[in-house]
Ligand code: ADP
Ligand code: MG
């Protein structure tokens, strides 16, 4: 297995319509040997382009790409020793699963016994032993996805690249395959670079996550770190379900003023405000840190705000309550016993010990 590094990698496309277009800008990261790293960001932010540059399917405009201890800038894809699993895991429909799994190795002119052994190993790892003589159409979506992963496994690559491999599966199967992929990573001890637009998938699978927006890496961190310390509003507004709320406020001394109401902050919380003295600030607070006054558990930084409820969603294990602050709609993720219905004037308790401060856009 191997590490993967980008040093100041940029990719520009000369697009007929858009002209010179920068898809990836100033990309720097190190993925460690055996690490599972997920690239996440909205559609078009440069995830696939980054992955294709690792694979050598796309040549970077500038910068260096390192796999293992080699600079691979000029290395042909087939010499990079990586295997890629795509979203549309197109299997050969006329071939059996065994033939689909062995196809790549036969192309590489590997000995027959070697190929048989590799196919047997991959089938065992993925629970496909019973299906080797079937055709793809006889398999379920999840099983076909496993075959696509198997085609990568048989090649014993230094690095596995996955491009949205679960996005064609239904929601339930996606969750199941997520667990299987995490387990597979542990058993293979492989370096995995995984791309998705789904932040829940990223948070559950990634040991570390690379958050991208408009071609630029926003933050690289563990899921826990991204959740607790998002570096900017983009990351804060992208990670979390639902993502973080933003509230416009003004800073004076140790207080923030929200729609004219003063919240005097404890010194420890107010420390983060120094840079914003006398200015506008955006408060970031997660939906799970806002409670209904009637069902408050333990809240340390305890501030109250009465608002008229706009909408309520009942999710069973929790309710989402929507109410306005200024021009923005705020979401509270509350205990299902919290009394809430549209039009109700309700007092919310905000846990300001968990508040974040951001520069206004
Ligand atoms: P993602 O995988 O995050 O959705 P991509 O890496 O596929 O994003 O694309 C990033 C940007 O680069 C998009 O705006 C896309 O339209 C553009 N792009 C990708 N490939 C090409 C290409 N071959 N020619 C021109 N533009 C491209
Ligand atoms: Mg993509």
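Provide the FRET efficiency to the nearest 0.05 for the residue 103-residue 200 pair, computing r from the beta carbons and using R0 = 35 Å.
On the way: r = 33 Å, r/R0 = 0.95.
In this case the efficiency is close to 0.55.
Could you tell me the extents of the range 146-235's C-alpha atoms along the three principal axes, largest first, rounded to whole Å?
41, 30, 23
Using a basic spin-label model with each label point 7 Å from the Cα along Cα→Cβ, how many nm lie between residue 66 and residue 133?
5.1 nm
Angle, helix 171-188 long axis vs. longest principal axis of the chain, Cα atoms, 0 to 90°, nearest 10?
That helix lies at roughly 60 degrees to the long axis.
Would you calculate, for the chain, the mean residue ellipticity at 222 nm contributed by helices, counting each DSSP H stretch of 4 or more residues as -39,500 (n - 2.57) and dividing by all residues, to the nearest 500? Spell out each step's value before the answer.
Details: 9 runs with 89 residues, N = 361.
Taking each H run of at least 4 residues, the total per residue is -7000 deg cm²/dmol.
Using a Gaussian network model on the chain with a 10 Å cutoff between Cα atoms, which of 158, 12, 231 fluctuates the most?
Of 158, 12, 231, the most mobile in the Gaussian network model is 12.
Taking the alpha-carbon centroid of each part, what is the distance from the range 244-279 to the range 1-19 in angstrom?
41 Å
Report the extension gain between residue 78 and residue 268 in nm, rounded to one decimal, defined as 0.36 nm multiplied by the number of residues separating them, less their alpha carbon distance.
62.9 nm
With each pseudo-label sitting 7 Å past Cα toward Cβ, what's the residue 308-residue 341 distance in nm, one decimal?
1.7 nm
Counting other beta carbons within 10 Å of each Cβ, put 279, 144 in order, fewest first. Please list the in-between numbers first.
Numbers: 279 13, 144 20.
Ranked by crowding around the Cβ, least crowded first: 279, 144.
What FRET efficiency comes out for residue 124 versus residue 170 if R0 is 22 angstrom and r is the Cβ-Cβ distance? Round to the nearest 0.05.
So, using R0 = 22 Å, E works out to roughly 0.25.
Test of understanding: in a Gaussian network model of the chain with alpha carbons linked when under 10 Å, which of 312, 256, 85 would top the mean-square fluctuation ranking?
312
Starting from a Cα-only point model with no solvent, please compute log10 I(q)/I(0) by Debye for the range 245-358 at q = 0.09, 0.12, 0.18 1/Å.
-0.23, -0.40, -0.86
For the chain, what is Rg from Cα atoms divided by 2.2 N^0.38 Å, rounded to two decimals?
Working it through for the chain, the quotient is 1.19.
Three principal axis extents, largest first, for the C-alpha atoms of the range 219-297, in Å?
Cα extents, longest axis first: 35, 34, 21 Å.
Sorting 303, 114, 194 on the 10 Å Cβ count, fewest up front, what's the list?
Result, fewest neighbours first: 114, 303, 194.
What FRET efficiency comes out for residue 18 versus residue 361 if R0 is 30 angstrom and r is the Cβ-Cβ distance? Round to the nearest 0.05.
On the way: r = 25 Å, r/R0 = 0.82.
Between residue 18 and residue 361 the formula returns 0.75.
Which of 17, 118, 172, 135 has the fewest other C-beta atoms within 10 Å, and how do the rest follow up to the most?
Values: 17 5, 118 20, 172 9, 135 16.
Listing 17, 118, 172, 135 from fewest to most nearby Cβ atoms yields 17, 172, 135, 118.
Values quoted throughout were computed directly from the atomic coordinates according to the rules given, and no laboratory measurement underlies them. Everything numeric in this text was worked out from a predicted model, so none of it was measured. We place every Cβ from the backbone using ideal geometry, glycine too, and count neighbours over all the protein chains shown.
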